[in-house]
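**Q** Just passing along the structure, written as C-alpha cells.
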Amino acid sequence: MNYSQYTVHSPQTLNEALGILKEKQSEVRLIAGGTDVMVLIKDGVLKEKELLNLSYLDELKYIREDGNIIKVGALTTYRELEKSSVVNLSAPILVDACKTIGATQIQNLGTLAGNLGNASPAGDSLPPLYVLNANVKLQSAESERIIPVSEFFLGPRKTKRAPNELITEITIEKAKPGLHYFFKKLGLREANAISLVSVACIVDLDKDKKINSIKLALGAVAPTVMRAVKSEKLATGRQLDLNLIDEIARGVSEEISPITDIRGSTEYRRRAAYGLVYEGLYEALMGTAKRVSGGIEGVY
Amino acid sequence: MDVSVTFTLNGKQVTVKAPAAKSLLRTLREDLGITSVKPGCEAGECGACTVLMDGKAVTSCLVMLSQVEEHQIVTDEGLVKDGKLDPLQEAFVEEGASQCGYCTPGFVMSAKELLLEKPNPSENEILEAIGGNICRCGAYPRIVSAIKKAGGEQH
C-alpha cells in the first residue's frame, strides 16, 4: 500500500478543523477512530487524497447530563459510552448496542460520530439512537443546525451532513425508569460481526402488561436504520400476550425491506427480524427483559 | 506526505518520521523494530496487532501514525521489566498457550488491558476481552487458563 500519497491535517481545535473543512470541503476524508477509514486506505480504495484527522479534538469528547437529556460529544468512543454511569442508568440500550460493535479493540477506537457519519444501515449504535429520540448537531465555520437522527440519513453511506460540516454533538433523551428495553443483534458470530439484523426496542408496559407505548428500530434491513412505525401503531394500547407478540413480530418482518447480500437473504433477514422481535417481547412479557433503572441503581 | 511524530513507546519517548497515513502497526514493525505486533488481516478483525494505547487495547492496524502524537503505546516488548517476563507472559509460557505463536502477542495485550482493570476476571470477562483475537491453531482453552492463572498470581 502506498501511504505516501496521502496528506493528513491534524487540527488541535474545533475552530481550526472547521476552518480546514470550509476550505477543503469534499476534498478531505474525515477520520475519527479510523476503524473504517484505515481499512479503505489499506485496500487502496480511499478516493480522497487528504485526510482530516479529528482525533485531537478533545473538546468533542464528553458525556454530560442536562436535565432529561444526555449530551454526547461526537468523538466519544463506544467504550466510553459503555462505562458512563449516566448512560448505563438512563440509556442502557445504547450500552448494550455498543458492546456488540466489533470487539474491545474496536470499541476503544470507534466513535459515535463515526458510526453516524459512516452511515451504514448496519451501524449498531444507530437503532438505539432512533428509539432514544437522538438529535445530531452539525457545525460549520459559519453556522450550526440540529437534525433528528431519524432524518439524518439519506441512504447507505449518505447523510444530510454538508461537506463543510462536522458532527459535533449527539443528544439523547433519557429513558424513563422502569421501561423495558432490549437490543438484539444477529451476526455470524459473537465478536467482530456485522449485523444481519439488529433490533432496538423500548416498551412502556403498565402493571397489567398493557402496552402504553412502544418504539422499535431496526438495522440492516432497509437502506437506512428504520422505525417500524406501523407495527408500533398496531401494538399501542393493546394487551401484551403471545398472540400480540406474534402479530407485532410478523408486522415488523413485513414492514422492513431487507436485501439479499453476502451475509444473508431477504427471506432469512425477515425471519430473523421476526425471531429477534418475538424473543425480546417474550422476555418483556415474562418479566425477564431488562428495565431502565433511571437514577437509582439496582431498583429493577 | 511524511510527518514527524513523537510518542511514548514502552516507556521511552520516540520520534519517528514516516508517511502521515501509515498505520501504527506498519510503523512499529518497519520503522521502530517492534516485531511482536503482527500483521494479520490489517482490518481490525484478527487482533494480532493489538497494543495498549493509553492503557486501552486497540488494533494498531486501525490507528494512523498521525494520531499517536503524545500518546502512550505499550507492546509486548514493553511488558518485560529488567529482562524478566511479565507474570502474564510467564503464564502463557507455563500453560503452553500457543502453538504457532503468531496470535500470542495480541492475546497478551488484550488480556493485559483486562487485568489492569480487573485483576481477578471471571471466565466470561476473559472471553469477552479476547473476543477480538483469533487463534487459528485453536489454543483458546490454554489461553484462557493462562489469563486466569496470571489474574490469580498478579494480585
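**Q** With B:THR59, B:THR75, B:THR104, B:THR50 as the choices, which residue is in contact with a Cys (Cβ under 6 Å, 6 or more places away or on another chain), crowded, with 17+ Cβ neighbours inside 10 Å and modelled with pLDDT of 95 or more? Before the answer, list the steps.
**A** Working: B:THR75 fails: in contact with a Cys (Cβ under 6 Å, 6 or more places away or on another chain); B:THR104 fails: in contact with a Cys (Cβ under 6 Å, 6 or more places away or on another chain); B:THR50 fails: in contact with a Cys (Cβ under 6 Å, 6 or more places away or on another chain).
Within the list B:THR59, B:THR75, B:THR104, B:THR50, the selection yields B:THR59.
**Q** Now for a different question. Any idea which residue in region A:6-23 is surrounded by the fewest Cβ atoms within 10 Å (Cβ to Cβ), counting only those that are within 8 Å of chain B (Cβ to nearest Cβ) and of a type outside the set (A, V, I, L, M)? Before you say what the answer is, go through the steps one by one.
**A** As a first pass, look at region A:6-23 and keep what is within 8 Å of chain B (Cβ to nearest Cβ): A:6-8, A:10.
Right, trim to of a type outside the set (A, V, I, L, M) and you get A:6-7, A:10.
Details: A:TYR6: 20, A:THR7: 17, A:SER10: 22.
Of everything passing the filter in region A:6-23, A:THR7 is surrounded by the fewest Cβ atoms within 10 Å (Cβ to Cβ).
**Q** Continuing with the same structure: Only one residue in B:SER36, B:SER66 is under 9 Å from the mean Cα position of the chain (by Cα), hydroxyl-bearing (Ser, Thr, Tyr) and not in a strand (DSSP E or B), so which one is that? Walk me through how you get there before you give the answer.
**A** Working: B:SER66 fails: under 9 Å from the mean Cα position of the chain (by Cα).
Matching residue, one of B:SER36, B:SER66: B:SER36.
**Q** Having 2 or more residues that are of a type in the set (Gly, Ala, Ser) and not assigned by TED's automatic domain parsing to the domain that holds A:LEU21 is the bar; report the helices (runs of 4 or more DSSP H) wholly within region A:93-194 that clear it.
**A** Values: elements: A:104-107, A:112-118, A:126-131, A:149-152.
The qualifying helices (runs of 4 or more DSSP H) are A:112-118.
**Q** Right, another one. A:VAL8 versus (1) out of contact with any strand residue (DSSP E or B) (no Cβ under 6 Å at 6 or more places or on another chain); (2) over 27 Å from A:ALA134 (Cα atoms): which is the lone unmet condition?
**A** (1)
**Q** Here are some residues: B:GLU128, B:GLU117, B:GLU113, B:GLU94. Which one is in contact (Cβ under 8 Å) with a residue 12 or more places away in the chain, surrounded by fewer than 19 Cβ atoms within 10 Å (Cβ to Cβ) and on the phi < 0 side of the Ramachandran plot? Step through it out loud before you land on a result.
**A** Working: B:GLU128 fails: in contact (Cβ under 8 Å) with a residue 12 or more places away in the chain; B:GLU117 fails: in contact (Cβ under 8 Å) with a residue 12 or more places away in the chain; B:GLU113 fails: surrounded by fewer than 19 Cβ atoms within 10 Å (Cβ to Cβ).
Exactly one of B:GLU128, B:GLU117, B:GLU113, B:GLU94 is in contact (Cβ under 8 Å) with a residue 12 or more places away in the chain, surrounded by fewer than 19 Cβ atoms within 10 Å (Cβ to Cβ) and on the phi < 0 side of the Ramachandran plot, namely B:GLU94.
**Q** Also, I was wondering about something else. Among A:ARG263, A:ARG270, which is the only one that is at pLDDT 95 or above and assigned by TED's automatic domain parsing to the domain that holds A:ILE214? Explain how you work it out, then say what you get.
**A** Working: A:ARG263 fails: at pLDDT 95 or above.
Going through A:ARG263, A:ARG270 in turn, just one is at pLDDT 95 or above and assigned by TED's automatic domain parsing to the domain that holds A:ILE214: A:ARG270.
**Q** Taking region A:24-45 as the search range and keeping residues that are closer than 24 Å to A:GLU80 by Cβ and either touching a residue at least 40 places away in the same chain (Cβ under 8 Å) or more than 12 Å from chain B (Cβ to nearest Cβ) (or both), which one is surrounded by the most Cβ atoms within 10 Å (Cβ to Cβ)? It would help to see each step written out before you state the result.
**A** Within region A:24-45, the first condition is being closer than 24 Å to A:GLU80 by Cβ, and the residues that meet it are A:29-39.
When the remaining residues are screened for being either touching a residue at least 40 places away in the same chain (Cβ under 8 Å) or more than 12 Å from chain B (Cβ to nearest Cβ) (or both), the result is A:30, A:32-36.
Working: A:LEU30: 19, A:ALA32: 28, A:GLY33: 26, A:GLY34: 30, A:THR35: 28, A:ASP36: 18.
Checking each candidate, the answer is A:GLY34.
The values are calculated or read from the model by the stated rules, or taken from the named source; none is laboratory data. Treat the numbers as computed from the prediction; the structure is a model and nothing was measured. Cβ sites come from the backbone with ideal geometry, for glycine too, and all protein chains shown count toward neighbours.
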